[in-house]
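What follows is a single structure, written as structure tokens, with notes after it.
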Amino acid sequence: MAVKIQEGFALFSRRMEAKVYIEGDDEAIDNMESRKSENLEKERDERKRKLLYDNLDLIMRHREDILNTHRYARIDVHYALHGGAAYIGPMAMQRRICADGVQIKVGITLGSLLGIWEIATYKVNCSCGNTAYIRSFGGSPLSGVSVAGAYCPHCKNEIHGIRSRSLGDYVRPVENALASEEALVSQAFTSRVFGKPGELCSLEKMLSELKLKEYEASEP
Ligand SMILES: [Zn+2]
């Protein structure tokens, strides 16, 4: 947060002479770089979101496999759901927590997302006869009125304007999921059991492994 500093001209001149800047050049560069990298991250999230939905049929076919494979279930997919509320703004699907001065990002994982999509609120019937999954929602926290959008992995159809549910029914599962993600990370700190970065899996890597698996299964 910006700090408002009120100083007279004499004090300002003395400070400039001593080269004591309120925001130094190094700090300004660091802030500019942070903004650049945040923009890059946003682009990356959008690309991954598209990739996830383009491959949702593959993901759903391997649902159990994903839930039972730790490195798949723990893939960060905070970009998958878009939620928001009037007066409050976009709902954070990722929390930045500070652990003894170190920043840690905890977000919705693929395992959590598949769990959320098991809840009746997050499922709708598609006109093709299959199940579509809610991927965006918004509404009013005062009246509870909501409008949501869903995606069908079978016919790749987008369903807009779903208004039959309350906003709270969308928000609660996300909040519960984030709370359990946070608890898992805090548990890792308490037990001092940390994995190695090499154990991490990306969405891209998982998708190619699943495709290979299906290919091998189809081989005569
Ligand atoms: Zn469909």
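Derivation of every value follows stated rules applied to the coordinates shown; laboratory data play no part. Note that this is a predicted model, so its numbers are computed, not measured. Cβ placement follows ideal geometry from the backbone for every residue including glycine, while neighbour counts extend to all protein chains displayed.
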(message) What does the extension gain come out to for Leu142 and Ala179, with contour length at 0.36 nm per residue minus their alpha carbon separation?
(response) 11.0 nm
(request) Could you list Leu52, Leu207, Leu67 in order of exposure, starting from the residue whose Cβ has the fewest other Cβ atoms within 10 Å? (result) Leu67, Leu207, Leu52
(request) Could you calculate the FRET efficiency of Lys123 with Asn68 from 1/(1 + (r/R0)^6), where r is the beta carbon distance between them and R0 is 22 Å, rounded to 0.05? (result) 0.50
(message) What FRET efficiency comes out for His154 versus Lys50 if R0 is 25 angstrom and r is the Cβ-Cβ distance? Round to the nearest 0.05.
(response) 0.90
(request) For the chain, compute Rh as the Kirkwood radius over C-alpha pairs and then the Stokes-Einstein diffusion coefficient at 10 °C and 1.306 mPa s; write the answer in µm²/s, rounded to an integer. (result) 77 µm²/s
(request) Go through the range 36-97 and name the chymotrypsin sites (Phe, Trp or Tyr not before Pro) that are in a DSSP coil and have 11 or fewer other Cβ atoms within 10 Å of their Cβ. (result) Tyr87
(request) Taking a cut-off of 23 Å between Cα atoms, list the lysines near Lys19, but don't count ones fewer than 8 places away on the same chain. (result) Lys4
(message) Could you tell me which residue out of Ile29, Leu51, Gln103 lies farthest along the dipole of the chain toward its positive end? Charges go on the beta carbon: Lys and Arg +1, Asp and Glu -1, centred on the Cα centre.
(response) Leu51
(request) Report the FRET efficiency, 1/(1 + (r/R0)^6), for Asp100 and Tyr215, where r is their Cβ-Cβ distance and R0 is 30 Å, rounded to 0.05. (result) 0.05
(request) Rank-order 93-100, 193-200 by packing density, defined as the average count of other C-beta atoms within 10 Å over each peptide's residues, highest first. (result) 93-100, 193-200
(request) Return the loop-located trypsin sites (Lys or Arg not before Pro) in the range 172-220 (DSSP other than H, G, I, E, B) with at most 10 other Cβ atoms within 10 Å of their own Cβ; answer none if there are none. (result) Arg192
(request) Have a look at Val171, Cys155, Ser140 and report the one farthest towards the positive end of the charge dipole of the range 128-182, computed about the Cα centre with Cβ charges (Lys/Arg +1, Asp/Glu -1). (result) Cys155
(message) Quick check for me: using +1 on Lys/Arg Cβ and -1 on Asp/Glu Cβ, what's the dipole size of the chain about its Cα centre, in debye to the nearest 20?
(response) 440 debye
(request) For the range 1-63, state which trypsin sites (Lys or Arg not before Pro) are in a DSSP loop and have at most 12 other beta carbons lying within 10 Å of their beta carbon. (result) Lys4, Lys19
(request) State which entries of Lys50/Lys105; Lys42/Lys123; Lys48/Lys196; Lys123/Lys196; Lys36/Lys123; Lys123/Lys213 exceed 32 angstrom in Cα-Cα distance in the structure shown. (result) Lys123/Lys196; Lys36/Lys123
(request) For each cysteine in the chain, check whether another cysteine's C-beta sits under 4.7 Å from its C-beta; list those where none does. (result) Cys98, Cys201
(request) Express in nm, to one decimal, how much length is gained between Phe12 and Ser191 on full extension, taking 0.36 nm for each residue of separation and deducting their alpha carbon distance. (result) 59.3 nm
